[in-house]
1. Tell me which residues, restricted to the stretch 352-367, are more than 15 Å from Ala2 (Cβ to Cβ), surrounded by fewer than 19 Cβ atoms within 10 Å (Cβ to Cβ) and in contact (Cβ under 8 Å) with a residue 40 or more places away in the chain.
2. Is it the case that the stretch 48-62 has a residue that's β-branched (Val, Ile, Thr) and outside the structural domain of Glu236 (by TED's automatic domain parsing)?
3. Could you check the stretch 125-140 and list, in sequence order, the residues that are over 38 Å from the mean Cα position of the chain (by Cα) and more than 17 Å from Ser174 (Cα to Cα)?
4. Collect the residues in the stretch 327-380 that are under 24 Å from Ser295 (Cβ atoms) and either in a loop (DSSP other than H, G, I, E, B) or touching a Cys at 6+ places or on another chain (Cβ under 7 Å) (or both), keeping them in residue-number order.
5. Exactly one condition in (1) assigned by TED's automatic domain parsing to the domain that holds Ile123; (2) surrounded by fewer than 21 Cβ atoms within 10 Å (Cβ to Cβ); (3) under 25 Å from Tyr36 (Cβ atoms) is false for Met212; which is it?
6. So which residues in the stretch 130-157 are in contact (Cβ under 8 Å) with a residue 40 or more places away in the chain and out of contact with any Leu (no Cβ under 7 Å at 6 or more places or on another chain), if there are any at all?
7. Of the residues that make up the stretch 170-189, is at least one outside any strand (DSSP E or B), more than 27 Å from Glu88 (Cα to Cα) and at pLDDT 95 or above?
8. Condition test on Ser317, is it surrounded by 21 or more Cβ atoms within 10 Å (Cβ to Cβ) and in a helix (DSSP H, G or I)?
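The values are calculated or read from the model by the stated rules, or taken from the named source; none is laboratory data. In this text the structure is predicted, and so the values were computed from the model without any measurement. Neighbour counts are summed over all protein chains in view; Cβ atoms, including those assigned to glycine, are modelled from backbone coordinates with ideal geometry.
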Amino acid sequence: MAITIYNTMSRSKEPLEPLDPGHVKLYACGITSYDYCHIGHARSALVFDMVVRYLRHRGYKVTFVRNFTDVDDKIIARAHKMNVDPAELAQRFIDEFHTDMDALGTLRPDVEPRATAHIPEMIALIGELMDKGLAYAAEGDVFFRVERFREYGKLAGRTLDDMMAGARVEVNESKQNPMDFALWKAAKPGEPQWDSPWGPGRPGWHIECSAMSRKYLGNEFDIHGGGKDLVFPHHENEIAQSCGATGKGFARLWMHHGFVTIKNEKMAKSLGNFLTIRDVLARYPAEVLRLFIFSAHYRSPLDFNESALHDATTGLSRLYACVQRLEALPKTGSHDGEGCITETGAALLSGLKSRFYEAMDNDFNTARAIGHLFEVVKSLNQVLELLPEQAAMSDLKKLHQAAAELRELGAILGILRQSTWEQGCGETAEKLAALGLLEEEIARLIAERAAARKAKDWAASDAIRDQLLAKGIALKDSPKGTVWEFVQQGG
């Protein structure tokens, strides 16, 4: 089955057919570096991290480019407010971004171009648009003529008249049309500036991605991505600039991920309702955040709430507990006779990878792929409960293979990468306090239960297990001992 991706331009799923067979060229819009990154930025970074990991897992070469906007109105305004140099401020938050990305465990892009390092490329591209009559200079500014690009609005699915009717356009008497957008901004006192054929100034926001994607990926490439908020005007304007200059195509597939919301309202710095990545990682491990984000399809809205993070915490514990129990099993069995894994169970285990691929090939459906992981873990836990102390070699081989596949497929999502996992996944003390328990108490009860089992006092053993289960703690027995995990109470 070919990998299909929902293309915002065509509003349909299309097969991934790289221009250079076997080599996917991907450009994702990065941050404007003026503040700490929030969970919306985390979703964007993790989505494209997942895409790159999966494509490489499936054998593609991937060239991944993600830019930094390091000169912009917001950067300049924040720098003036803090009384620091805009370049110094931008560098500080690029460094902070890398700190956050390392904490999330994301892969570094192959190229991370900065706008200020590509001013000559932007000036050259603006010159091409000027030569073709698609841009004009006015009092040191340069604007793109949207009326001369017939396909303007195609990505957003709106006509120019519709966009003008619904837009809040900055008043500028120098523009020939209110929808014309800036390619170059004339210098203002106290702002960063560079020399250009139109006078000193700095680039507009949209031109940087057109110039940098062309430099590193060529005039045409395979995938361009970002959040849904970038469809218009940013990506629409990129298309106008790039296609207008070259007369060719630009990105073949457009990927846009959904928003992260809080109480169904988009998370944004302008709204003051955002949580920074480091705020969340101070309370939850990165793999919990990854499981939470990938539990929804990347195009769907994702509401950030504590309940969902608790569910992800419990789910990740369940995955790790199963994998660790499997890896603790002996490598060799006591006999080569018939095992306890049924044909149906064996088929479920052996088909995990193909079902995972089928979900991911269908527009990177991580929610369904994760569902397949949990389906197999449920089956494996049932097998482990029935597995005799003297296990068959055939069973052990299947179980160790299952553990390896869970690790391999989990790594595509950036989970199951640690050899061991702390029980409770980061909020243990807080959650146990809410349940009226202490870790020491659980350890004591587990020891008492182990003594009861050794004495074959099954009634006492079951009573301890039920006592903990009633409080939201489930016990799991393994050859290395008993582990515990939080469980959902009530139903």
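1. So in the stretch 352-367, the residues more than 15 Å from Ala2 (Cβ to Cβ) come out as 352-353, 355-356, 366-367.
Now narrow it down to the ones that are surrounded by fewer than 19 Cβ atoms within 10 Å (Cβ to Cβ): 353, 355, 367.
Correct list: Lys353, Ala367.
2. No, the stretch 48-62 contains no residue that is β-branched (Val, Ile, Thr) and outside the structural domain of Glu236 (by TED's automatic domain parsing).
3. Asp131, Lys132
4. Hits for the stretch 327-380 are Gly351, Asp363, Phe364, Asn365, Val377, Leu380.
5. If we test Met212 against (1) assigned by TED's automatic domain parsing to the domain that holds Ile123; (2) surrounded by fewer than 21 Cβ atoms within 10 Å (Cβ to Cβ); (3) under 25 Å from Tyr36 (Cβ atoms), just (2) comes out false.
6. Lys132, Leu134, Tyr136, Ala137, Glu139, Gly140, Asp141, Glu151, Lys154, Leu155, Ala156, Gly157
7. Within the stretch 170-189, one or more residues are outside any strand (DSSP E or B), more than 27 Å from Glu88 (Cα to Cα) and at pLDDT 95 or above.
8. Here the answer is yes, as Ser317 does meet what is asked.
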